[in-house]
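The values are calculated or read from the model by the stated rules, or taken from the named source; none is laboratory data. In this text the structure is predicted, and so the values were computed from the model without any measurement. Don't worry about glycine lacking a Cβ; one is built from the backbone with ideal geometry, like all the others, and counts go over all protein chains shown. Please note that ligands, DNA and RNA were not included when accessible areas were found on the heavy atoms of the full protein model with its side chains. Shrake-Rupley method; radii C 1.70, N 1.55, O 1.52, S 1.80 Å.
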Amino acid sequence: MTTDNMFDVLIIGGGVSGMSCALVLGSAKNKTFVTDKKIGIFTHQKNSSLQEAIFYNAYGITPGKLGSELLTESTQDLATTYPHISQIPNEKVMKIEGSYPEFTVVTNKNSYQTKNIVIGIGSANTFDIEGLMQFVEPHKKALPEKQRIQLKNEDHKVAEGIYVIGTLAGWRSQLAIAAGSGAAVATDILTLWNNGVQTHAHDSIR
């Protein structure tokens, strides 16, 4: 099955960096250049390192919080707060074809068209998305014996229309770093949508 609708951005990965990216993009929904944008996220979380995490050192998170709880709550919060973002659960991305601004993302169940792709699925060396293997290199900030990988990138950009976030971008495994990385790329995409005018999204009580 192929969806006829073209996504403006598809985020691959429902861990910290992916959800952070989705939340920031979602929060910009009232900006004129975002209102017509179609945003989706593959929320496959089975292999997330959060499954085994407990947090005492992450800003804004109650000490003792389980990573597995964060995973569940984050998808629920995204659905409640930003229902316009399509969540695609239980699908594994196998292949990426095409080039900017017309990519096809093929999963084990469907295929999707998108203009931009954000990849945030962790730095395990089991990475096997066809069409991205030429960008794989050893992780520069992980211990060699861990055999972690990253995608070659410059300030999160792998190639035109392809961004990488979190540990897969070469960052260390730390919740705050992953969240910041996802948010950074979200603002890069907002800037792209705003014709290159530097842009961010703030929530305010004013």
*asked:* Can you tell me which condition Thr104 does not meet? The list is (1) under 28 Å from Ser173 (Cα atoms); (2) within 17 Å of the chain's Cα centre (by Cα); (3) among the hydroxyl-bearing types (Ser, Thr, Tyr), and all the others hold.
replied: (1)
*Among the listed residues Gly18, Gly60, Gly26, Gly64, which satisfies the condition of being within 21 Å of Arg148 (Cβ to Cβ) and out of contact with any Leu (no Cβ under 6 Å at 6 or more places or on another chain)?*
Gly18
_Check on Gly170, out of contact with any Cys (no Cβ under 8 Å at 6 or more places or on another chain), buried (at least 22 other Cβ atoms within 10 Å of the Cβ) and in contact (Cβ under 8 Å) with a residue 24 or more places away in the chain_ = yes
*Subset of the range 44-61 [touching a Lys or Arg at 6+ places or on another chain (Cβ under 7 Å) and assigned to a loop (DSSP other than H, G, I, E, B)]*: His44
*Could you please give the count of residues in the range 37-75 that are touching a Pro at 6+ places or on another chain (Cβ under 9 Å), more than 27 Å from Asp8 (Cα to Cα) and open to solvent by less than 40 Å² (accessible area, probe 1.4 Å)?*
1
_Where a residue in the range 128-144 is on the phi < 0 side of the Ramachandran plot and its partner, wherever it lies, is surrounded by fewer than 11 Cβ atoms within 10 Å (Cβ to Cβ), with Cβ under 9 Å and at least six apart_ = Pro138/Pro144
